[in-house]
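Here the structure comes first, spelled out in structure tokens, and everything after it is commentary.
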Amino acid sequence: MSVKLAREFVGTLVIAIALLSAGACSKPGPQTAESKAVATGGKLYAANCASCHNPTNPNLPGSVGPPIAGASPDLIADRVLHRSYPPGYKPKRNTHLMKEMPWLAPNIGDLAAFLAYGAKNDSAGASSEANK
Ligand code: HEC
């Protein structure tokens, strides 16, 4: 192998490894963490929220609760942990039917991930209307 060919070969190899490892690191990492949070949030939603909020599509109203797809982590934390709202937030309802669920404190991020995912993947196409 000439020196020039050898350099080209090494150069190609370096690029190939860089591409491979970039693919390996950047793709599954964050996606896996996010889809894990969405899955955990979905289970918690089914167990703790779906009796009042819509059990199949959080973009739609439930039996007593309003649509909550896309709710921010702050809103979820205030509502679920303290029965309050973030400063300046205009609630969808003026009732106070929802109770505190302090055991969900470690999982606010999971619930937010699930509700964000629900807003992005709205099969009923309701989010634009329901969440105004
Ligand atoms: C007992 C029924 C009930 C359960 C269970 C319940 N909610 Fe609610 N939720 C409501 C009702 C009703 C409202 C409207 C305000 C009120 O009356 O408390 C509401 C309001 C909200 C809001 C504010 C919506 C807005 O934009 O004004 C959020 C966010 C929310 N719920 C999230 C949740 C989450 C997350 C869970 C599960 C961890 C949950 N709720 C469980 C009934 C419920």
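The values are calculated or read from the model by the stated rules, or taken from the named source; none is laboratory data. From a predicted model like this one, the values you see are computed outputs, not experimental measurements. Positions of Cβ are generated from backbone atoms using ideal geometry, with glycine treated the same way; all protein chains shown enter the neighbour counts.
Key figures for this structure:
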| read-out | value |
| --- | --- |
| ALA39 closer than 22 Å to ASP122 by Cα, at pLDDT 60 or above, out of contact with any strand residue (DSSP E or B) (no Cβ under 6 Å at 6 or more places or on another chain) and more than 16 Å from the ligand (Cβ to nearest atom) | no |
| Qualifying residue in region 91-103 (condition: at pLDDT below 95, hydrophobic (A, V, I, L, M, F, W, C) and in a loop (DSSP other than H, G, I, E, B)) | no |
| Residues of region 65-90 satisfying the condition of being more than 9 Å from the ligand (Cβ to nearest atom), assigned to a helix (DSSP H, G or I) and either surrounded by fewer than 12 Cβ atoms within 10 Å (Cβ to Cβ) or acidic (Asp, Glu) (or both) | ASP74, HIS82 |
